[in-house]
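Heads up: the structure comes next, in structure tokens.
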Amino acid sequence: MPRKYFINNRDSFLNILFFVSAWVLAGNLYAFFKWYGFSEYSPILADTYSYSVVLLHLQLTLGGFLLGLITGLADNRIFDPSMRKKPLFYIILLKALFLIVTIVFVVLLLFMISQVLVKQNALGHLIPLAADFFLSRSFIAILVYCSFFSFIISFTREVSRKLGIRVIWNMLTGKYYQPITEESVFLFIDLKSSTTYAEDLGHLRFSMLIQDCFYHLARVVRKCHAEVYQYVGDEVVLTWRVKKGQIDVQPFSAFFAFEKVLQLNAGYYRSKYGFVPVFKAGMDAGFVTIVEVGEIKSEIAYHGDVLNTAARLEGQCNVFHKKLLISENVKSKLPDHIPYTMELIGDIDLKGKNKTVKVYAVEEKVG
């Protein structure tokens, strides 16, 4: 298996915060239904925790916090992207078992707290009381409710990972129903010598190679706060918004961090494929039009000359034997001091462009 390139602390924290917030909401929603909705009519919900609405909310908030903390930590360290290579049935079964064990632990803890601190029952009476509770309809209702809410949380999390929080929010608010204009950076990353690799490996192993490469790239994308616009064969297009007319070093960090991750996993790639993959990239910045297109499998589409220029620059990497080429548009928006060197290649004629483009090769500074 490839060496893991773990999510940075910020992303880990945000992931845990998402699970904690979602489960705290779930707990208080359950309290709302129990106290205000069903307690007068349902024998399933009326026999437990009816002593105080405040205590009920506090107890279920604590339960939601614990459940969210445990599932969030598990999502970071146990159910990470490497798990997706295992059979789907195995993942579903493992997650279901983990959830049931976690729910039983948290519910048991809350039950003990309520019995000892609130109802002031002796510790010696807890075992038969707990046995009766776990065989009751109330516990079955809690288990079914938590299982359903877990599905909603997991589904929401996976969709956000696939599309990105900003894209989901903009689709929900209808921001891209009408075309709008934004200034963005686009980085086209493409596998070098892909045709040769595909012929040597065959379609199946070549597809596995691309899958492994983009698995490692995913960690870099999160760390550098990029958005994945498209995967096209062995090419991926990353984008960042330009804020206040200036570009930070994240697009450069993304490319060179990806290169380092591949080198860290060089042994894995050599043993499995016989070589370490090398990527090249082109980058441009400017204004693009963004719009939601398609009634079936709709997506957010970017239109503009920026994408054409970045793609053409990526294609010129082989001509000039460089790893990363950028345009003058990018260079002019960079801070004064960055940990990269810029070598002027010259004014280049690019296909589809009426004017030449001033092109620079980018390398990391040594030392």
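The values are calculated or read from the model by the stated rules, or taken from the named source; none is laboratory data. Just so we're clear, the structure is a prediction, and the values are computed from it rather than from any experiment. When we count neighbours, we look across all protein chains shown, and the Cβ atoms used for this are built from the backbone with ideal geometry, even at glycine. For accessibility, only protein heavy atoms count, side chains too; no ligands or nucleic acids. Shrake-Rupley method; radii C 1.70, N 1.55, O 1.52, S 1.80 Å.
Quick notes on this structure:
- Which numbered condition residue 220 fails, given (1) at pLDDT 90 or above; (2) closer than 27 Å to residue 287 by Cα; (3) β-branched (Val, Ile, Thr): (1)
- Odd one out for residue 263, checked against (1) out of contact with any Asp or Glu (no Cβ under 6 Å at 6 or more places or on another chain); (2) buried (at least 21 other Cβ atoms within 10 Å of the Cβ): (2)
- Candidate set: the range 275-303, residues that are modelled with pLDDT under 85 and assigned to a strand (DSSP E or B); chosen: the one surrounded by the most Cβ atoms within 10 Å (Cβ to Cβ): 300
- Taking the range 189-217 as the range and being surrounded by fewer than 16 Cβ atoms within 10 Å (Cβ to Cβ) and not in a helix (DSSP H, G or I) as the test, the residues that pass are 192, 193.
- Scan of the range 305-362 for residues that are assigned to a helix (DSSP H, G or I), within 23 Å of residue 244 (Cα to Cα) and either touching a Phe, Trp or Tyr at 6+ places or on another chain (Cβ under 6 Å) or open to solvent by 50 Å² or more (accessible area, probe 1.4 Å) (or both), ordered by number: 305, 306, 307, 310, 328, 329, 331
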